[in-house]
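Report on one structure; see the data block that follows.
The values are calculated or read from the model by the stated rules, or taken from the named source; none is laboratory data. All of these numbers come straight from a predicted model, not from anything done at the bench. When we count neighbours, we look across all protein chains shown, and the Cβ atoms used for this are built from the backbone with ideal geometry, even at glycine. Just the protein is used for accessible areas: all its heavy atoms, side chains included, with ligands, DNA and RNA removed. Shrake-Rupley method; radii C 1.70, N 1.55, O 1.52, S 1.80 Å.
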Amino acid sequence: MNIKKLDKKYVLPTYARADVEFVSGSNATLVDSEGKKYIDFTSGIGVVSVGHANERVSRAICNQVSKLTHTSNLYFIAPQAKAAQKVVNASGYDMQCFFANSGAEANEGAIKIARKHGERDGEIKRYKIITLNHSFHGRTITTVKATGQESMHNYFGPFPDGFVYADGIDEIESLLDDHTAGVMIELIQGEGGVEPQDKAKVQKLAKLLKEKQIPLMIDEVQTGAYRVGEFTASQAYEIEPEIITLAKGVGGGVPVGIVMTTLKEVLNAGDHGSTFGGNYLSTAAVCEVVDILDELKKSGDLEITSLMFNKVLENFYNNHKDIFTQKVGIGMMCGLRVKDAKTLTSIINLAKENGVMVLKAGRNTLRFLPPLTITKEEIDEGFKALESVMSKL
Ligand code: PLP
């Protein structure tokens with residue numbers, strides 16, 4: 001039986017899969033089961049930050065799993081402690097980490113920290129978490145409720161109580177009350193449509209929350225791991241949040257989620273945990289990925305690649321202003337607003353046929369999340385393929 005038939009028969013149909021099966025990859029290039037090559041401007045939705053089949057990450061993982069893959073969190077785990085040190089150092093914040101297995105789980109941990117912090121904090125029980133409309137925080141029952149998109153709350157209830165949605169950064173202040181445990185935002189909304197928040201407004205909010213001693217929680221599942229030029233978007237926005245969550249790019253393809261916090265005293269033994277979180281396999285990968293990305297940043301190559309990608313994207317946008325209405329994003333989390341949703345779907349489908357993978361975000365945004373290691377040749381080849389897509393629209 002071929003893979004597509006096998007998938008249809010045995011895998012629950014929760015994904016509307018494109019008709020392609022990739023079998024190998026190298027940096028920003030993928031190869032499908034028929035031997036056809038594609039340029040990957042998606043990096044598996046912002047995950048494969050250091051490229052497909054990265055040799056250093058493969059070697060680090062192989063070396064580790066040939067010794068130990070898993071022992072449980074009942075014992076010390078050397079790569080976990082080292083990964084925490086690397087992540088904290090890269091961020092520059094005085095924080096400690098908890099390791100989970102995904103972005104949603106990292107956000108669950110963040111919510112638990114904020115709520116326990118709120119509970120300990122005086123007589124009034126602080127439990128409310130304010131998030132933004134059009135946000136995306138995950139697919140677990142709690143993070144789906146934290147997600148400010150009504151369409152995602154259609155089934156699965158009753159949901160945990162206490163999530164309040166603001167219609168933008170400006171509205172948050174009016175929603176704060178004695179029960180607010182935290183404010184959780186993405187600095188650039190990813191799934192919501194590549195929507196960067198205004199830096200001055202975010203800084204003002206951060207200052208207000210500090211005064212009120214309400215934790216600011218930044219969901220950096222998509223923006224973290226140098227996606228926007230700094231290790232975290234919080235550094236780029238020059239704020240000092242109490243809680244940051246990471247996942248996707250920090251594992252380079254290995255499932256991992258991280259909650260980092262300055263609130264080091266809140267969780268005690270037994271308050272939170274995970275069987276797999278922080279095991280030898282995932283944290284050995286995190287150590288190598290962060291090393292590679294740190295080197296890329298320090299050498300200046302990250303900035304060169306980001307400038308190069310954005311320049312080519314800008315030219316592409318300027319050549320097709322009949323189709324695209326705006327170029328958006330920061331660093332290598334970028335997008336083009338498409339004039340209508342139907343055209344966007346056509347572009348994505350034709351792009352696949354022409355050998356370049358791109359993403360949709362929100363209702364009308366063509367999203368680009370290339371590996372941070374993408375080469376000039378791969379960028380040029382990808383945009384050449386996109387040019388031929390435009391001529392077929
Ligand atoms: N938060 C943000 C900002 C995301 O973009 C995502 C995934 O797209 C998540 C959370 C959920 O991450 P995961 O799918 O790893 O649970």
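Summary table
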quantity	calculated
Efficiency of FRET from Cβ geometry, residue 262 and residue 24, R₀ 41 Å, rounded to 0.05	0.45
Candidates 208, 313, 366, ranked by Gaussian network fluctuation over the chain, Cα under 10 Å, top entry	208
Bridge type composition, the chain - antiparallel percent by DSSP, nearest 5	65 percent
Rg ratio (alpha-carbon, reference 2.2 N^0.38 Å) - the stretch 203-256	1.22
Antiparallel DSSP beta bridges within the stretch 68-298, as percent of all bridges there, nearest 5	40 percent
Chain lengthening between residue 141 and residue 201 when straightened (0.36 nm per residue, less Cα-Cα)	18.6 nm
GNM flexibility winner over the chain from 217, 333, 95 (Cα, springs under 10 Å)	95
Å³ per residue enclosed by the Cα convex hull of the stretch 274-313	80 Å³
Viscosity 1.567 mPa s, temperature 4 °C, Stokes-Einstein D of the stretch 68-298 from Kirkwood C-alpha radius, µm²/s	73 µm²/s
When each of 352/384; 36/311; 342/392 is checked by Cα-Cα distance, pairs over 18 Å	36/311
Set of lysines with alpha-carbon distance to residue 67 below 29 Å, sequence-local pairs under 8 removed	82, 86, 248
³J(HN,Hα), Karplus 6.51/-1.76/1.60, whole Hz, each residue of the stretch 264-280, x for Gly, Pro	6, 8, 6, 8, 10, 3, x, 6, 8, x, 7, 5, 8, x, x, 6, 4
Length gained when the stretch residue 96-residue 150 is fully extended (0.36 nm per residue, less Cα-Cα span)	16.1 nm
Cα-based helix-to-principal-axis angle, 199-212 vs the chain, degrees rounded to 10	20 degrees
Centre separation in Å (Cα based) which lies between the stretch 283-351 and the stretch 168-205	24 Å
Taking N as its residue count, the alpha carbon Rg of the chain over 2.2 N^0.38 Å	0.98
Residue order for 49, 24, 174 - accessible surface, 1.4 angstrom probe, largest first	174, 24, 49
Residue among 351, 28, 166 with the largest mean-square fluctuation in a Gaussian network model of the chain, springs linking Cα atoms under 10 Å	166
Proximal aspartates and glutamates relative to residue 376, as straight alpha-carbon distance under 12 Å, when same-chain residues fewer than 8 apart are discounted	301
Sparse-neighbour loop sites [trypsin sites (Lys or Arg not before Pro); the stretch 285-393; at most 11 other C-beta within 10 Å; DSSP]	321
For residue 252, residues with placed amide H under 5 Å, excluding near neighbours	49
Residue 327 paired with residue 6, simple spin-label distance in nm, labels 7 Å along Cα-to-beta-carbon	4.3 nm
Aspartates and glutamates with Cα under 16 Å of residue 145, excluding same-chain neighbours fewer than 8 positions away	105, 108, 161, 167, 186, 191, 219
R0 of 41 Å, Cβ-Cβ distance residue 68-residue 375: FRET efficiency to nearest 0.05	0.75
Euclidean distance of C-alpha centroids, the stretch 29-102 and the stretch 226-266, integer Å	14 Å
FRET efficiency, 1/(1 + (r/R0)^6) with R0 56 Å, evaluated for residue 173 and residue 17 via beta carbons	0.85
Pairwise label distance in nanometres, residue 82 with residue 291, each label 7 Å out on the Cα-Cβ vector	0.6 nm
Heavy-atom SASA rank of 276, 368, 163 (probe 1.4 Å, accessible area, largest first)	276, 163, 368
Trypsin sites (Lys or Arg not before Pro) lying in DSSP loop within the stretch 143-241, provided at most 16 other Cβ fall within 10 Å	none
For the stretch 10-97, alpha-carbon Rg and Dmax in angstrom	17.6, 49
